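The values are calculated or read from the model by the stated rules, or taken from the named source; none is laboratory data. Treat the numbers as computed from the prediction; the structure is a model and nothing was measured. Glycine also receives a Cβ, built like all others from the backbone with ideal geometry; neighbour counts cover every protein chain displayed. Ligands, DNA and RNA are excluded from the accessible area calculation, which covers all protein heavy atoms including side chains. Shrake-Rupley method; radii C 1.70, N 1.55, O 1.52, S 1.80 Å.
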Amino acid sequence: MSSVHLNNIVKRFGAVTAVQKTSLEIQEGAFVTLLGPSGCGKTTNLRMIAGLLDPTEGEILIDGKRVNDVPIHKRNLGLVFQNYALFPHKTVAENVAFGLKYRDVPSSDISRRVTEALELVQLPDVGERYPKELSGGQQQRIALARAIVIEPDVLLLDEPLSALDANLREDMRVELKRIQERIGVTTVFVTHDQSEALAMSDQIVVMSAGRVEQVGAPEEVYNTPASEFVANFLGASNILAAECKSRSAEGVELETPIFGKLVVPAEKAPNLGGAGPAKLVIRAEKLLVAAKDAAAPDGVISVPATIEAVDYQGQAVRYFVRAGEAQLQAINMIDQRPFAAGDEVNLRLRPIDCAALPDQ
Amino acid sequence: MSVEAREARQPWILLSPALTAVFLLLFVPLLFIVVYSFWLRTATGADQVGFFLDNWREALSDAFYRDILLFTLKIATITTLVCALMGYPAAYVIARSKGNKALLLLLLMLPFWISYIIRTMSWINILGVSGALNTALLYVGVIDEPIQMLYNQTTVILGLVHFLLPFMILNVFVSLEGIDTNLEDAANSLGATRWQAFLQVTLPLSLPGLAAGGLLCFVLGAGTYITPLVLGGPSDAMFANLVFEAIITQLNWPLGSALSLMLLAVLGALVMVYNRYLGMAQLMKGLG
Ligand SMILES: Nc1ncnc2c1ncn2[C@@H]1O[C@H](COP(=O)(O)OP(=O)(O)O)[C@@H](O)[C@H]1O
Ligand SMILES: [Mg+2]
């Protein structure tokens, strides 16, 4: 178990800068997720930590020790790939035992540790089979067993679940988290799937175009996005132009054409200095569509609006609503019967549910 | 006609031109050869039609033919080993190269644009008594008079390697291309050095390509008569030269037929052993 530090890391491939000046501190035992769209540099970061790529600039420290010049086979890291990368010509047991052969483990211990690792991933009986005789989910468990049996200092996973079908993916998510907590290994997990990131991580590192946009606990990046990119990438958000009137201890006062004046709690607007142009961020599920005649409780803003389109999703429904000049999205749980397109409704909003960003 | 019936017929319709050609140009002549091998060439020079085992008896019992067959297999084996040792690293470099893979493959194909006979004869200009190498050595003063470097077993093997190396490289390349590079990365991350990862993962997974390339080199090498004819000495005749000699020089078609069927049987047995253990699919991949 070890900490990982990236210190001003830059990685260029010829003219392409895949990673720009990234610094990151990963605590011992933490489950940290690199989250971002395809091509934002997640894999490049992971491969630099693994030692499969050399950073162009900056240093990588594992447990405080600089590892830039330590070759991959001496780094003691567990690596899991999206396509499993099991050795097809070796049995499952031979795959899992592979790393132990290079670690002076006595042969009697090898078979015991292989058995334990297979039990940990809940596949105790497949040791004699070949990888192609297993399903995708089983193969990924074996890949995980192979990576953790060597007791790595850091476990690195590159989109390990994205080759699995949706149902299996959710099971594996729980399973992976269970195993990680059980062995307590420092884990860097790469995904482009926000729900995976939110469900599994202690810390999420949101990346875009080679840069870190925000680092924080799942609730933090979800509820208090540090940039428009983060607000849009995690869940559905409405981002409205606003005017910041003032900032005080209890909050920032914003004015928008649709919702008028409202006070967003100070901790939900950490980057907003004072008066000036700003952005109001409203999560789609925090915007409530209510019947026109129903009275709004205290502390809730209510404005008239028209439903333009309805996207039925089973237990929830996504409304596209027009309020004045703006089209907004609202994702609401269905209570009895959803509204229909063309209905005149009220949009309700609690200012404490909003976040505010400076206008870039 | 039902859709299924039409779909079942379609492959046969598409294959029929090729099948017709193979039947008429390969299978029928082969049958003639089989029939010929039981005829008998008489002292008058005419062929006596019938069912005689004389040619087969001669081909199978004469130590002269057996020795040349063994010599042929030896030359083919050495050639195959040399091609494997030289071809594997080259294929590895091409498979792992990033930007210029297409160019390297094109260079590999380049020799095929020149006739095999001309490529073989080019060695005479290089190694011959008045060839490039002798001229250079004379000029530098290393030797006083030209050395005869041609017309021996080594130059036969040299010519065969020159001819067959691209087949080996292509086959190994194709199988290396099919190996996920993450496998080597995974092996490295588990503690294997690059060399250990190669021995444990890449090499075993590329063996089918190596075997396919080896089979091609061996069969083509063992069946050649041009290379020994052009680059070999009188004692370097290979089995196909015997067939050539019997049919073209002595006009003894019955004996030539029996000899060529003998070579076919030996090489066919080898292909069958290969097919039994590795399957033809790999060979097809390498050729395609
Ligand atoms: N070996 C490489 N050569 C050139 N460009 C690369 C290479 N690897 C990655 N890139 C580029 O770097 C950027 C980041 O890639 P990557 O880290 O794979 O993104 P992600 O894993 O987030 O999808 C992309 O623009 C990609 O095209
Ligand atoms: Mg990636």
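Restricted to the range A:1-100, the set of strands (runs of 3 or more DSSP E) holding at least 3 residues that are open to solvent by 50 Å² or more (accessible area, probe 1.4 Å) and more than 12 Å from ligand 1 (Cβ to nearest atom) comprises A:4-13, A:16-26. Residue-level check: of (1) open to solvent by 40 Å² or more (accessible area, probe 1.4 Å); (2) at pLDDT 90 or above; (3) not assigned by TED's automatic domain parsing to the domain that holds residue A:188, residue A:295 misses just (2).
Annotation: residue A:196 fulfils all but one of (1) among the charged types (D, E, K, R); (2) within 26 Å of residue A:353 (Cβ to Cβ); (3) open to solvent by 20 Å² or more (accessible area, probe 1.4 Å); the unmet one is (3). The set of residues in the range B:32-51 that are assigned to a loop (DSSP other than H, G, I, E, B) and without any contact (Cβ under 8 Å) to a residue 24 or more places away in the chain comprises B:42, B:43, B:44, B:46, B:49, B:50, B:51.
Pairs are defined by a Cβ separation below 9 Å, a sequence spacing of at least 6 or placement on different chains, a first member in the range B:169-180 that is within 14 Å of another protein chain (Cβ to nearest Cβ), and a second member that is surrounded by 23 or more Cβ atoms within 10 Å (Cβ to Cβ) and of a type in the set (Ser, Thr, Tyr); the pairs so defined are B:175/B:206; B:178/B:206; B:179/B:206.
Just one of the listed residues (A:81, A:87) is within 8 Å of another protein chain (Cβ to nearest Cβ) and over 26 Å from the mean Cα position of the chain (by Cα), namely A:87. State yes or no: is residue B:240 of a type in the set (A, V, I, L, M, F, W, C), part of a helix (DSSP H, G or I) and modelled with pLDDT under 95? So residue B:240 does not fit the description; no.
From the list A:198, A:157, which one is within 16 Å of ligand 2 (Cβ to nearest atom), within 18 Å of residue A:30 (Cα to Cα) and in contact with a Phe, Trp or Tyr (Cβ under 8 Å, 6 or more places away or on another chain)?
Details: A:198 fails: within 16 Å of ligand 2 (Cβ to nearest atom).
None of the other options fit; the residue is A:157.
Would you mind stating whether residue A:216 is small (Gly, Ala, Ser), within 16 Å of ligand 2 (Cβ to nearest atom) and open to solvent by less than 20 Å² (accessible area, probe 1.4 Å)? So residue A:216 does not fit the description; no. Within the range B:181-204, being acidic (Asp, Glu) and at the interface with chain A (Cβ under 8 Å from one of its Cβ atoms) holds for one residue alone: B:185. Criterion first (away from chain B (no Cβ under 14 Å) and not in a helix (DSSP H, G or I)) does residue A:126 satisfy it? Criteria met by residue A:126.
Those strands (runs of 3 or more DSSP E) of the range A:204-267 in which 1 or more residues are within 27 Å of the chain's Cα centre (by Cα) occupy A:211-216, A:237-247, A:260-265. Would you be able to say whether some residue in the range A:202-212 is within 16 Å of ligand 1 (Cβ to nearest atom), at pLDDT 95 or above and among the acidic types (Asp, Glu)? The answer is no; no qualifying residue exists.
If you check B:215, B:207, B:229 for being more than 10 Å from every other protein chain (Cβ to nearest Cβ) and open to solvent by 30 Å² or more (accessible area, probe 1.4 Å), only one passes: B:229. If only residues of the range A:46-60 that are of a type outside the set (S, T, N, Q) and more than 16 Å from ligand 2 (Cβ to nearest atom) are counted, the one that is nearest to the other protein chains (Cβ to nearest Cβ) is A:51.
Please find, among B:49, B:3, B:93, B:82, the residue that is surrounded by fewer than 17 Cβ atoms within 10 Å (Cβ to Cβ) and either modelled with pLDDT of 95 or more or small (Gly, Ala, Ser) (or both). Talk me through it step by step, then tell me what you get.
Values: B:49 fails: either modelled with pLDDT of 95 or more or small (Gly, Ala, Ser) (or both); B:3 fails: either modelled with pLDDT of 95 or more or small (Gly, Ala, Ser) (or both); B:82 fails: surrounded by fewer than 17 Cβ atoms within 10 Å (Cβ to Cβ).
That would be B:93, the only listed residue that is surrounded by fewer than 17 Cβ atoms within 10 Å (Cβ to Cβ) and either modelled with pLDDT of 95 or more or small (Gly, Ala, Ser) (or both).
With respect to residue A:121, is the statement that it is more than 9 Å from every other protein chain (Cβ to nearest Cβ), open to solvent by less than 10 Å² (accessible area, probe 1.4 Å) and closer than 30 Å to residue A:24 by Cβ true? It is true that residue A:121 is more than 9 Å from every other protein chain (Cβ to nearest Cβ), open to solvent by less than 10 Å² (accessible area, probe 1.4 Å) and closer than 30 Å to residue A:24 by Cβ.
Looking at the structure I just gave you, is residue A:103 farther than 20 Å from residue A:127 by Cα, within 11 Å of another protein chain (Cβ to nearest Cβ), surrounded by 17 or more Cβ atoms within 10 Å (Cβ to Cβ) and of a type outside the set (Asp, Glu)?
On the way: farther than 20 Å from residue A:127 by Cα: yes; within 11 Å of another protein chain (Cβ to nearest Cβ): yes; surrounded by 17 or more Cβ atoms within 10 Å (Cβ to Cβ): no; of a type outside the set (Asp, Glu): yes.
For residue A:103, the condition - farther than 20 Å from residue A:127 by Cα, within 11 Å of another protein chain (Cβ to nearest Cβ), surrounded by 17 or more Cβ atoms within 10 Å (Cβ to Cβ) and of a type outside the set (Asp, Glu) - is not met.
Exactly one residue out of A:22, A:43 is within 14 Å of chain B (Cβ to nearest Cβ) and either at positive phi or within 16 Å of ligand 2 (Cβ to nearest atom) (or both), and it is A:43.
For the range B:42-54, the criterion of being closer than 20 Å to residue B:223 by Cβ and not polar (S, T, N, Q) is satisfied by no residue at all. Scanning the range A:79-105 for residues that are under 20 Å from residue A:157 (Cα atoms) and of a type in the set (S, T, N, Q) turns up A:82, A:83, A:95.
Does residue A:250 fit the bill of being modelled with pLDDT of 95 or more and open to solvent by 20 Å² or more (accessible area, probe 1.4 Å)? Considered against the rule, which asks whether it is modelled with pLDDT of 95 or more and open to solvent by 20 Å² or more (accessible area, probe 1.4 Å), residue A:250 comes out as no.
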